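As structure tokens, the structure follows; a few thoughts come after it.
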Amino acid sequence: MFLRFLWLSLLLAAVTVAAGNVGLQVDAGVSMPWSGYLKNIETGERVEIIKRANFRAFFQTTIGYTFFEEHSIEAMISPFSIESRLEQDGDEGPTEYTSRYVQDTYRLRYRYLLPPLERFCLQIGLHATLQMKELVIDGSREYTNKWINFSFGPSALISISMNEIVSLIIEVEAGIGADNGFLDIFAGLNLSGPFYFVRAGIRNLSTNGFSGVEALSTSFWNFGAQFRAVF
């Protein structure tokens, strides 16, 4: 009985692999911090942690598997860090300090491709996201803390075809978890080939974390391109 179950499982796995393909996606570009602050909920004190328009390079990789041309599972890794030198007015005069913010993101996503309607295609699904954050402030202010945030939520990708090669892409993901949440929006153009696609556009990513006494908020505009090869 066990051998029959094992052979059946292997057969199903082989059929699934044969019916699908593997994709490797790379995202690269520049990130412009828009806002970032740490706020004490009890006292209302707010400390800026990111200097606006301090451009930084970003890079992330995604490995995906699509089977039966309708279902896809993707795993994404996105490391990011930024250092800022800031000056802020206080009750005792201006203060100067340096902040280092790290946000490493790991995401597992499932999407289902709905039947296309002429030039319109829609993929919907769910994701689970783990974010590991660290903030270190040195100088006239001293602060060090680490967070591990887990969230889950909906994921959607809308594609509007302009012709056989070019299409407009809008991608939206939102997540919520214990004491944290985020919103990720991408809009750009997609150029498709036989075994690849290239996307270029703008991505806005906002994250928020809350605890009993602190609120951490960051927001970024990312300008870059995605390249995906299918095997």
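The values are calculated or read from the model by the stated rules, or taken from the named source; none is laboratory data. Computed from a prediction, not measured in an experiment: that's the story for all the values here. Cβ placement follows ideal geometry from the backbone for every residue including glycine, while neighbour counts extend to all protein chains displayed. Note: accessible area is taken over every heavy atom of the protein model, side chains too, but ligands, DNA and RNA are not part of it. Shrake-Rupley method; radii C 1.70, N 1.55, O 1.52, S 1.80 Å.
Before moving on, here are some points about what is shown:
- Entry comment: accessible area of the range 23-230 is 54 Å² per residue, from protein heavy atoms only and a probe of 1.4 Å.
- Under-5 Å amide H pairs with K51, H placed in peptide plane, nonlocal only: none
- Accessible area in the full protein assembly, largest first, 1.4 Å probe, for H127, H71: H71, H127
- With Cα atoms, 0 to 90° folded angle of helix 2-18 axis to the chain main axis: 80
- Among the chymotrypsin sites (Phe, Trp or Tyr not before Pro) within the range 19-83, those in coil by DSSP and having at most 14 neighbouring Cβ atoms inside 10 Å are F55, F68.
- Near H127: Cβ cut-off under 10 Å, other residues only, Lys/Arg at +1 and Asp/Glu at -1. The net charge is 0.
- Chymotrypsin sites (Phe, Trp or Tyr not before Pro) within the range 178-209: DSSP coil, no more than 15 neighbouring Cβ in 10 Å: F195
- Springs join every pair of Cα atoms under 10 Å in this Gaussian network model of the chain, and among Q103, Q123, Q88 the largest mean-square fluctuation is at Q88.
- Measuring nothing but protein heavy atoms, the accessible surface of the range 23-230 at 1.4 Å probe radius is 62 percent carbon and sulfur.
- Highest-MSF residue in the chain out of E45, E83, E173 [GNM, Cα springs under 10 Å]: E45
- At most 12 other Cβ within 10 Å, DSSP loop - GluC sites (Glu not before Pro), the range 89-165: E92, E118, E142, E164
- Residue-averaged [θ]222 nm for the chain, counting only DSSP H segments that reach four residues, each worth -39500 (n - 2.57): -2500 deg cm²/dmol
- Evaluating 6.51 cos²θ - 1.76 cosθ + 1.60 at θ = phi - 60° for every residue in the range 74-85, the Karplus couplings come out as 10, 10, 10, 10, 9, x, 7, 8, 8, 10, 9, 9 Hz, glycine and proline recorded as x.
- Computed Rg/Rh of the range 23-230, alpha carbon atoms with Kirkwood Rh: 1.03
- Accessible-area value, K146, 1.4 Å probe, nucleic acids and ligands omitted, Å²: 140
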